[in-house]
Amino acid sequence: MKEDRFAYDGPPELLPVILPALEKVVDPEVALNIVDVGLVYGVKVEDGRMDVRITMTSAACPVTDIIVDDVENALDDAMPPELKIHVELVWEPPWTPERMSLRARAFMGW
């Protein structure tokens, strides 16, 4: 996976706050954070709004709602209160194991 882990478009000073917030969100099915699993596709911050695009490893993921809520809560806690956070669940492009970090692949024994 790319070194930058996900696409980011926004003020550079926010990325060091956003990344650790997202890394606190764990996919309970694999016991790894969603950034290492490659579920975060992109974050855009513009005009007082943060748009976060995430996916799941499959459409049948039973913890989708939990992960989406956890992302919203983690970012709400980390970001200024005036910033509106919107999490969008997307399916294109489909998730593949190639999106996983080297750390996640090692953890999974891949």
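Okay, helix-only estimate at 222 nm for the chain: each DSSP H run of n ≥ 4 adds -39500 (n - 2.57), divide by all residues, round to 500 deg cm²/dmol; what do you get? Display every interim value, and only then the final one.
On the way: 4 runs with 35 residues, N = 110.
Mean residue ellipticity, 222 nm, calculated: -9000 deg cm²/dmol.
DSSP loop chymotrypsin sites (Phe, Trp or Tyr not before Pro) in the range 1-104 with at most 12 other Cβ atoms within 10 Å of their Cβ, which ones? Show your work: numbers first, answer last.
Details: sites: Phe6, Tyr8, Tyr41, Trp91, Trp95; in loops: Phe6, Trp91, Trp95.
Answer in residue order: Trp91.
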| query | Which of the GluC sites (Glu not before Pro) found in the range 9-110 are in a DSSP loop and have at most 10 neighbouring Cβ atoms, other than their own, within 10 Å? | reply | Glu82
| field | Directionally averaged projected area (convex hull, Cα atoms, the chain), nm² | value | 6.5
| field | Ascending count of other beta-carbon atoms within 10 Å, so fewest first, for Met56, Met108 | value | Met108, Met56
| request: Be a star and scan the range 22-51 for residues whose amide nitrogen sits under 14 Å from the point 7 Å along the Cα-to-Cβ vector of Ala60. | output: none
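Which of the trypsin sites (Lys or Arg not before Pro) across the range 1-106 are loop residues per DSSP, with 11 or fewer other Cβ within 10 Å? Please list the in-between numbers first.
Working: sites: Lys2, Arg5, Lys24, Lys44, Arg49, Arg53, Lys84, Arg99, Arg103, Arg105; in loops: Lys2, Arg5, Lys24.
Answer by residue number: Lys2.
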| field | Gained length - Glu23 relative to Arg5, 0.36 nm times residue gap less alpha-carbon distance | value | 5.4 nm
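No lab work stands behind these numbers, since they all come straight from the coordinates. These numbers come from a predicted model, not from an experiment. Backbone-built Cβ (ideal geometry, glycine too); neighbour counts: all protein chains shown.
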